[in-house]
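For reference, the structure is listed below as structure tokens.
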């Protein structure tokens, strides 16, 4: 197993206590966020770094992959020629079978939309996608924007698209949300969105922050808010978002129709597509100053699942906390009506995280954290390509580093060993394509695996169970096929 040998060689491991016994999933990127064309891999490993499965990709990851209970893998990737290029740009979403077969591939990269960073697979089989949405300078001025901060004369806002996969390369947009429908400004009383910003925390001040710049990855850009993470809560039917440029996280209502999401009423919240919660930087809605800001370039917001310690709370990676990074757990002011309490004239609470972990780790780009079933937290330091696990009492119990140099890991997630079922993967040795039979197709695939070209090795390819896939497995499988 050529890739696995490299994998073992470049990993260094330290084990100090009792890490959660699970399966770690991650996609390294070489040469910066998203990478370029070439050979890229997603790895699923156990605590001892035994490779459970790998998937190969022609393009580098835009952020992180997602493993589903049915063993399929979602993978957001960077397209060769994005229509708006800056940090975290993506453009493509793929779905793979366990054996690496490409089941679906779709691009969101055109004159109107450019996918970037994260995706969120939904329980119904659809997927939520973050996308920049192009607005001309004229469109921006028409809603009260005072200036455009880039030579492109464009302002790329944000949209959330829910895609229903169709066939192997098409999709229906079955729900959508646009920040452009939820703007307020206090400079032009002749416009319909004029108002007192502090009176409307549910709306976005169109004049807060720069509308892109002439610097940064990819040159001039119109990146206004820079959403970098999306998460879904099935029980609440709500979506959490993170804006790096505005140092703030948001929650919106997904129970709306698309029409309701474009307005200010409807859905479980009764607020349509307006923000139903925001936290991290109250000066964005004139209810605080810079001294009240809690977040700085944060990434990776997600809900702690039901049954886990801290269930229902939000956990996120705050990239710049003093001179390091930190992980925050916050308890949102969710009331019995499914809404988030806020006092008139005051910002949304809480005043501080209920749990905070920091130390000698820092990444300026991406990064993330996930709570585990035993109360530990798995943390990714992106630009150091380091993943580590800490207890609730801040003891580091496990860590490893994926090489050095221009290698990055956006976020890694750890799954229970029984996530795919206690007996998964069930397979027949030699049945490399998982079609419940052994034939010449399997022989050709295992030959490619043994040579290090084409397909990534899968467990049934190790026909002699010696821990590697090589010519011995090919010859033994050939003998088996000929004998039958």
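Here are some notes:
- Odd one out for residue 225 among (1) part of a loop (DSSP other than H, G, I, E, B); (2) in contact with a helix residue (DSSP H, G or I) (Cβ under 6 Å, 6 or more places away or on another chain): (2)
- Every condition in (1) surrounded by fewer than 20 Cβ atoms within 10 Å (Cβ to Cβ); (2) touching a helix residue (DSSP H, G or I) at 6+ places or on another chain (Cβ under 9 Å); (3) more than 22 Å from residue 241 (Cβ to Cβ) is met by residue 148 except one, and the failing one is (1).
- Per the listing 327, 397, the residue uniquely in contact (Cβ under 8 Å) with a residue 12 or more places away in the chain, surrounded by fewer than 22 Cβ atoms within 10 Å (Cβ to Cβ) and either under 18 Å from the mean Cα position of the chain (by Cα) or in a strand (DSSP E or B) (or both) is 397.
- There is no residue in the stretch 205-220 that is under 22 Å from residue 334 (Cβ atoms) and either crowded, with 19+ Cβ neighbours inside 10 Å or under 20 Å from the mean Cα position of the chain (by Cα) (or both).
- Qualifying residue in the stretch 379-388 (condition: assigned to a loop (DSSP other than H, G, I, E, B), assigned by TED's automatic domain parsing to the domain that holds residue 23 and surrounded by fewer than 16 Cβ atoms within 10 Å (Cβ to Cβ)): no
- Members of the stretch 52-75 found to be buried (at least 21 other Cβ atoms within 10 Å of the Cβ) and either assigned to a loop (DSSP other than H, G, I, E, B) or not assigned by TED's automatic domain parsing to the domain that holds residue 25 (or both), listed by number: 60, 62, 63, 64, 65
The values are calculated or read from the model by the stated rules, or taken from the named source; none is laboratory data. Bear in mind that the values here come from a model prediction, so they are computed numbers and not experimental data. Quick reminder, even Gly has a Cβ in these numbers, built from the backbone with ideal geometry, and neighbours come from all protein chains shown.
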